[in-house]
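The values are calculated or read from the model by the stated rules, or taken from the named source; none is laboratory data. If you're wondering where the values come from, they're calculated on a predicted model, not measured in any experiment. Cβ placement follows ideal geometry from the backbone for every residue including glycine, while neighbour counts extend to all protein chains displayed.
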Amino acid sequence: MLIKEANKIIISLSQPDKMPGYAYGLPAWECKTGQKLAKVAGSVCSGCYAMKGNYTRFPAIKRSQYKRLKATRSVLWVRAMTAKINSRAVSKHKVFRWHDAGDVQDLRHLAKIFEVCRRTPNIKHWMPTREAWVKKYLGRAPSNLVVRFSGTMIDQPAINSWPNTSTVVTNGARTCKAPENAGKCGTCRSCWNPKIKNISYGKH
């Protein structure tokens, strides 16, 4: 598939300032679990960064996210995402993040993500999620994808039953070093590393 054809199907990729490479962002308003947690004080989704700031200041961002969400239902989406991620401009970064905003929607969506990862074996993929049902399907995940279950409450201990997790902390136990690096990942790729069980992010 030509890249110009792939772009029409997937709409666009996002390129978070903090991270190396590209991501695929969906509307946080459509998170299945996140939209419930957003109403819970003390949860990691309360005051969600993807539901304020530039995400609402610039309406075009939200429109693009909803177009991407619709695009995931296309029968051509897997082929298009594969072509885009394997393109020189994207693949040169060697890493890809699923959902800098939003989350996996259902099993069909998850299966498509797994397939894209299989078709892009030279890329390390990382997908944080708050959808607990995903755990049942981790055995089907390709080896180049790290799925991290994101703890639901601030300062909540990591869930030991998941192979990879992430937490948000205020007690000084942060392991993410981005704040010491002008808010950027720099050379760190811990989030993509399956050997690192938990990543702790400082509350922001």
Checklist entry - So is Lys135 outside any loop (DSSP other than H, G, I, E, B), surrounded by fewer than 20 Cβ atoms within 10 Å (Cβ to Cβ) and not small (Gly, Ala, Ser) or not? => result yes
Next on the checklist: Condition first: under 17 Å from the mean Cα position of the chain (by Cα) and touching a residue at least 60 places away in the same chain (Cβ under 8 Å). Now tell me which residues in region 65-76 satisfy that.
Outcome noted: Ala71
Checklist entry - Among the residues of region 22-37 satisfying the criterion of being assigned to a loop (DSSP other than H, G, I, E, B) and in contact with a helix residue (DSSP H, G or I) (Cβ under 7 Å, 6 or more places away or on another chain), which is surrounded by the most Cβ atoms within 10 Å (Cβ to Cβ)? => result Leu26
Next on the checklist: Among the residues of region 109-130, are any surrounded by fewer than 15 Cβ atoms within 10 Å (Cβ to Cβ) and either more than 22 Å from Ala6 (Cβ to Cβ) or in contact (Cβ under 8 Å) with a residue 40 or more places away in the chain (or both)?
Outcome noted: no
Next on the checklist: I'm trying to understand the selection: among the residues of region 59-93, which are of a type in the set (Lys, Arg), out of contact with any Phe, Trp or Tyr (no Cβ under 9 Å at 6 or more places or on another chain) and under 20 Å from Pro20 (Cα atoms)?
Outcome noted: Arg88, Lys92
Next on the checklist: Looking only at residues that are farther than 15 Å from Pro128 by Cβ and either at pLDDT 95 or above or among the charged types (D, E, K, R) (or both) in region 158-187, which one is surrounded by the most Cβ atoms within 10 Å (Cβ to Cβ)?
Outcome noted: Arg174
